[in-house]
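Peer 1: Below are the structure tokens for one structure; questions will follow.
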Amino acid sequence: MNIGILTGGGDCPGLNAVIRAVVVKATKHNHWRVTGILEGWRGLMKDGLAREILLPEVSGILGRGGTILKTSRTNPGKTPGGYDEVLSRSKKLGLDAVIAIGGEDTLGVASALQDHGLNVIGVPKTIDNDIVGTDYCFGFDTAVNTVMEAIDRVRTTTESHKRVMVVEVMGRHAGWIALQGGMAGGADEILLPERESDLNEICALIKRRHESGKDFSIVVVAEGAKVSVDGASGKQTMILQDGKLDEFGHVRLGGIGQTLSEQIEKCTGYETRMVMLGHVQRGGSPLAFDRYLCTRYGIEAVRLIERKEYGKMVCLRGNQISSIPLSEVAGRTRTVSEELFQEAALFFG
Ligand code: F6P
């Protein structure tokens, strides 16, 4: 048996831990060959981007951030005949199956390739935690801890200067990082992509808080949050796109924190600063929860191949490792419910 393994999309803590688990289980215990495919799906669109991974290469990588396989946002579906190219290159490499570690885009490609006849297994990765069918995507827990620690640090300086601080976190379509990082850090207001917030209401809440004795506020905003403002022709949503699209058609986000802090300062009169946590959330060493989860995901991915249960994604339900057909995952997003948001809102102001 020769299995390919690749990491696609944005990186996150824990990728190397999955790679290590797959290589240990597949080579040491099953005596299979593991082929590392470099740079995500690009590694199967170009020659020279695949090589065998032996056991010594994964020694010591459990806690290392990033991915030894590198990553990209290459989408074979964008190139005419792209899926066939992936199939013929996989055949040339002698791959019996491919483990694709990635988020919604990488797993969407995996699902399409399964339909084209490639044996694929998916592993859910994204700090955004927005993949359906699993309670946790690996990388999320570590990212949330980074956000919490950042808010703890920002709190002391915000308090000293009696300021308002806007903390911008990642989260394109789903606000899990903002919700859980914000709640863990004791945010006074949390803004999500799932629900439109109104600038006047945000400012009124901050004013009420400051008038009732508190002299600082922390607002956590997801990069994809929707905030409506009064425009010339009525309410309009803040536009923050810089126009650049990736191969999956996603616009590059980032920037709502700056715009929002300027608007908050203007409408409340309180000095307002912002900090964008950006890729700091994706970097560094995975914490224990993610290292353990990644290890279990890696083992299960190999077990699915042993059982020839292709076209599936490993997942976590409660504390049980399980699996779900990729076709049920592709093209869907797991978002924050209104009920969960309302729990967070009990602590606002
Ligand atoms: O991987 C998901 C994510 O972290 C999103 O939250 C964010 O919008 C995006 O990746 C940023 O991607 P890139 O590093 O390619 O700019």
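Peer 1: Mind listing whichever residues of the range 129-149 are touching a Leu at 6+ places or on another chain (Cβ under 8 Å) and open to solvent by 20 Å² or more (accessible area, probe 1.4 Å)?
Peer 2: Within the range 129-149, Asp135, Tyr136, Asp141, Asn145, Thr146 qualify.
Peer 1: Also: Restricting attention to the range 64-100, which residues are in contact (Cβ under 8 Å) with a residue 24 or more places away in the chain, assigned to a loop (DSSP other than H, G, I, E, B) and not hydroxyl-bearing (Ser, Thr, Tyr)?
Peer 2: Arg64, Gly65, Gly66, Ile68, Leu69, Lys70, Arg73, Asn75, Gly94, Leu95, Asp96, listed by residue number.
Peer 1: Write out, first by first residue and then by second, each pair whose Cβ atoms fall under 6 Å of each other, whose residues are 6+ apart or on separate chains, and whose first residue, in the range 29-40, is polar (S, T, N, Q) while the second is surrounded by 20 or more Cβ atoms within 10 Å (Cβ to Cβ).
Peer 2: Pairs found: Thr35/Gly4; Thr35/Ala50.
Peer 1: Also, quick follow-up: Select, from Tyr292, Tyr270, Tyr297, the only residue that is modelled with pLDDT of 95 or more, in contact with a strand residue (DSSP E or B) (Cβ under 8 Å, 6 or more places away or on another chain) and assigned by TED's automatic domain parsing to the domain that holds Gly66.
Peer 2: Tyr297
Peer 1: Looking only at the range 107-159, how many residues end up being part of a helix (DSSP H, G or I) and touching a Phe, Trp or Tyr at 6+ places or on another chain (Cβ under 7 Å)?
Peer 2: Going through the range 107-159 one residue at a time, the tally reaches 8.
Peer 1: Checking the condition within 16 Å of the ligand (Cβ to nearest atom), of a type in the set (Gly, Ala, Ser) and farther than 21 Å from Gly9 by Cβ, which residue from Gly171, Gly186, Gly249, Gly182 passes? I'd like the intermediate steps shown before the answer.
Peer 2: On the way: Gly171 fails: farther than 21 Å from Gly9 by Cβ; Gly186 fails: within 16 Å of the ligand (Cβ to nearest atom); Gly249 fails: farther than 21 Å from Gly9 by Cβ.
Step by step, each of Gly171, Gly186, Gly249, Gly182 is checked, and only Gly182 is within 16 Å of the ligand (Cβ to nearest atom), of a type in the set (Gly, Ala, Ser) and farther than 21 Å from Gly9 by Cβ.
Peer 1: Give the number of residues within the range 1-26 that are surrounded by fewer than 23 Cβ atoms within 10 Å (Cβ to Cβ), under 19 Å from Lys308 (Cβ atoms) and either of a type outside the set (A, V, I, L, M, F, W, C) or out of contact with any Phe, Trp or Tyr (no Cβ under 6 Å at 6 or more places or on another chain) (or both).
Peer 2: Counting residues in the range 1-26 that are surrounded by fewer than 23 Cβ atoms within 10 Å (Cβ to Cβ), under 19 Å from Lys308 (Cβ atoms) and either of a type outside the set (A, V, I, L, M, F, W, C) or out of contact with any Phe, Trp or Tyr (no Cβ under 6 Å at 6 or more places or on another chain) (or both) gives 2.
Peer 1: Something else: Against the definition (within 16 Å of the ligand (Cβ to nearest atom) and assigned by TED's automatic domain parsing to the domain that holds Val23), how does Gly65 come out, yes or no?
Peer 2: In short, yes.
Peer 1: Further, regarding this structure: Can you tell which of Thr79, Thr74 is open to solvent by less than 50 Å² (accessible area, probe 1.4 Å) and not assigned by TED's automatic domain parsing to the domain that holds Phe248?
Peer 2: Just one listed residue meets the conditions, Thr74.
Peer 1: What tally of residues in the range 91-109 results from selecting those that are surrounded by 24 or more Cβ atoms within 10 Å (Cβ to Cβ) and more than 16 Å from the ligand (Cβ to nearest atom)?
Peer 2: Result for the range 91-109: 2.
Peer 1: Here is a follow-up. For the range 125-140, check the following and say yes or no: at least one residue is away from the ligand (no atom under 16 Å from the Cβ) and either over 26 Å from Val18 (Cα atoms) or hydroxyl-bearing (Ser, Thr, Tyr) (or both).
Peer 2: no
Peer 1: Sort out which residues of the range 291-349 are of a type in the set (S, T, N, Q) and closer than 30 Å to Ser197 by Cα, and write them in order of number.
Peer 2: Thr333, Thr335, Ser337, Gln342
Peer 1: If you take just the strands (runs of 3 or more DSSP E) that sit entirely in the range 194-253, which of them hold at least 3 residues that are open to solvent by 20 Å² or more (accessible area, probe 1.4 Å) and more than 18 Å from Glu265 (Cα to Cα)?
Peer 2: Answer list for the range 194-253: 234-237.
Peer 1: Please work out which residue is farthest from His279 (Cα to Cα), limiting yourself to the range 160-183 and to residues that are in a strand (DSSP E or B), open to solvent by less than 10 Å² (accessible area, probe 1.4 Å) and hydrophobic (A, V, I, L, M, F, W, C).
Peer 2: My answer is Val164.
Peer 1: Looking at Pro56, Pro76, which one is of a type outside the set (Gly, Ala, Ser) and closer than 16 Å to Asp105 by Cβ?
Peer 2: Only one candidate qualifies: Pro76.
Peer 1: When the residues of the range 263-293 are filtered to those that are part of a helix (DSSP H, G or I) and within 16 Å of the ligand (Cβ to nearest atom), which remaining residue is most open to solvent (accessible area, probe 1.4 Å)? Spell out the reasoning first.
Peer 2: So in the range 263-293, the residues part of a helix (DSSP H, G or I) come out as 263-268, 278-281, 288-293.
Cutting the leftovers down to within 16 Å of the ligand (Cβ to nearest atom) gives us 278-281, 290.
Numbers: Gly278: 12, His279: 125, Val280: 97, Gln281: 1, Asp290: 0 Å².
Of everything passing the filter in the range 263-293, His279 is most open to solvent (accessible area, probe 1.4 Å).
Peer 1: Next question, about the same structure. Which of the numbered conditions does Ile61 fail, given that it passes all the others? Conditions: (1) within 26 Å of the chain's Cα centre (by Cα); (2) surrounded by fewer than 21 Cβ atoms within 10 Å (Cβ to Cβ); (3) not in a loop (DSSP other than H, G, I, E, B).
Peer 2: Ile61 satisfies every listed condition except (3).
Peer 1: Would you tally the residues in the range 110-124 being within 16 Å of the ligand (Cβ to nearest atom) and acidic (Asp, Glu)?
Peer 2: 0
The values are calculated or read from the model by the stated rules, or taken from the named source; none is laboratory data. Because the structure is predicted, anything quoted here is derived from the model rather than measured. Neighbour counts are summed over all protein chains in view; Cβ atoms, including those assigned to glycine, are modelled from backbone coordinates with ideal geometry. Quick note on the areas: whole protein, heavy atoms, side chains included, nothing else; ligands and nucleic acids left out. Shrake-Rupley method; radii C 1.70, N 1.55, O 1.52, S 1.80 Å.
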